[in-house]
Amino acid sequence: MRKSRHSPMHLGGCAEGRKIAYDCRFFLGDRPCVWHKKEGALCECEHYSPLRARHLMIKLDAMGDVLRTTCLLPVMARAWPEAGVTWITRPESVPLLENNPYVMEVIPYGPDAVLHLLARRFSKVINLDAGKVASALAALARADERIGYVLGEGGYVHATNPEAQTWLQLGIWDDLKRANQRTYQEIMCSILGLPQEGARYVLELTNQEVEQARSHLLRLGFDPQRIAIGIHPGAGARWAQKQWGERNFVTLMQELRGELGDRAQIILLGGPSEEELNERIVQAVGFSVIDTGCRNSVRHLAGLIKCCSVVLSADSLAMHLALATGRRAVVLFGPTSHAEIELFGLGEKVFAEMKCLACYNNSCQKSPNCMDLISVGMVKAAVLRQLDLIVKE
């Protein structure tokens, strides 16, 4: 075992004379570090990586928002290479951060998270949620610097810099939201005061997880040699107005079948809220599709998506999973902002031309509305274009 190259000032002693590198980014405290488990290494080891700062990221929004915020991690790592990142998020989003090489520690939101905030100190607290709960956590945390949003004593959310104030204004004034042409990542990087270069989704699936998803599909009749079109018909519970018509999906599948024949297979994707919808689609489509079920874990769903050639979805978690796994995506937009979404060159957006787009309303009295005006022909053409690009790559 190689001798330590670091100063004893970073180490604590113990009864057996061994040193403990409390400042190492791999140090866990309540269990062995990864290198001790893999190699039996002690703290006098070549993997020692001292932390000069500890940053706290707070992100409690929907799972898709959590996943797209991982795009900031490579940017932060380049700007602050000697900082470790602790991330507080809601329990359902914790799996999205598993194995993330840029995140040292993930703490589920709850009483434990509050105890951490009371006991610890951070160099920076980064809260990009303008919600009151996340902002309260940011205000509660002991930190040298706060970036983003904090909750004031009057019960209102305050921005910590002009760039954060701009995002706050987009959240409270619909006309500004509709006029915005900057992506989420661009805006968040401006709040951090960092360049957007290098931003990308970070979702680390293990080889075992990918193989489990592939095996699942093979059991359902998946042919790895054929084109695989993943279709996620749902839109999530929060924005029901994002839903494209059920009949549209059935017609689209039938037309893709007529266009591509046996060269392609359709993989039906979904979560618990799509269970009945997907059952109806399977019964109505008139030919065999690969129905993956709606009770898969989010990481297994990501693995299934990774096996697809192209993925069709609304502006939803499925879209973010497709981008995070490097799949080409066709994304349907209506009541939410298409300008905010960065596809990183991996797909295209389909939307109707209406002045009221990005209204962020959950219901609409217009007939036809923005989602009704997205025709099957528009979506089919987009899917075929993406498949052509895959062939050319």
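The values are calculated or read from the model by the stated rules, or taken from the named source; none is laboratory data. Quick caveat, the model's predicted, so the values are computed rather than measured. As a convention, Cβ positions derive from the backbone with ideal geometry for all residues, glycine included, and neighbour counts pool all protein chains shown.
Laid out as a table, the results:
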read-out: Matching residues, region 60-96, being under 11 Å from the mean Cα position of the chain (by Cα), assigned to a loop (DSSP other than H, G, I, E, B) and closer than 18 Å to residue 189 by Cα; value: 61, 70, 71
read-out: Residues being surrounded by 21 or more Cβ atoms within 10 Å (Cβ to Cβ), within 19 Å of residue 387 (Cβ to Cβ) and in contact with a strand residue (DSSP E or B) (Cβ under 7 Å, 6 or more places away or on another chain) - total across region 229-264; value: 7
read-out: Count of residues meeting criterion [assigned to a loop (DSSP other than H, G, I, E, B) and either within 20 Å of residue 386 (Cα to Cα) or in contact with a Cys (Cβ under 6 Å, 6 or more places away or on another chain) (or both)] in region 290-308; value: 2
read-out: Some residue of region 303-317 being at pLDDT 95 or above, farther than 25 Å from residue 196 by Cα and surrounded by fewer than 20 Cβ atoms within 10 Å (Cβ to Cβ); value: yes
read-out: Breaking point among (1) closer than 20 Å to residue 228 by Cα; (2) out of contact with any Ser or Thr (no Cβ under 7 Å at 6 or more places or on another chain); (3) touching a residue at least 12 places away in the same chain (Cβ under 8 Å), for residue 238; value: (1)
read-out: Given (1) out of contact with any Phe, Trp or Tyr (no Cβ under 8 Å at 6 or more places or on another chain); (2) closer than 23 Å to residue 195 by Cβ; (3) outside any strand (DSSP E or B); (4) aliphatic (A, V, I, L, M), index of the condition residue 114 fails; value: (2)
read-out: Residue 88 of a type in the set (A, V, I, L, M), buried (at least 19 other Cβ atoms within 10 Å of the Cβ), farther than 13 Å from residue 25 by Cβ and in contact with a Gly (Cβ under 9 Å, 6 or more places away or on another chain); value: no
read-out: Selection status of residue 319, free of Cβ contacts under 8 Å to residues at least 40 places away in the same chain and under 22 Å from residue 373 (Cβ atoms); value: no
read-out: The listed residue being small (Gly, Ala, Ser), modelled with pLDDT of 95 or more, touching a Leu at 6+ places or on another chain (Cβ under 9 Å) and over 22 Å from residue 86 (Cβ atoms), out of 136, 159, 164, 141; value: 159
read-out: Those residues of region 140-173 which are surrounded by fewer than 20 Cβ atoms within 10 Å (Cβ to Cβ), of a type in the set (Gly, Ala, Ser) and assigned to a helix (DSSP H, G or I), in sequence order; value: 171
read-out: Residue match in region 174-183 (condition: within 20 Å of residue 356 (Cα to Cα), surrounded by 20 or more Cβ atoms within 10 Å (Cβ to Cβ) and either in contact with a helix residue (DSSP H, G or I) (Cβ under 7 Å, 6 or more places away or on another chain) or among the β-branched types (Val, Ile, Thr) (or both)); value: yes
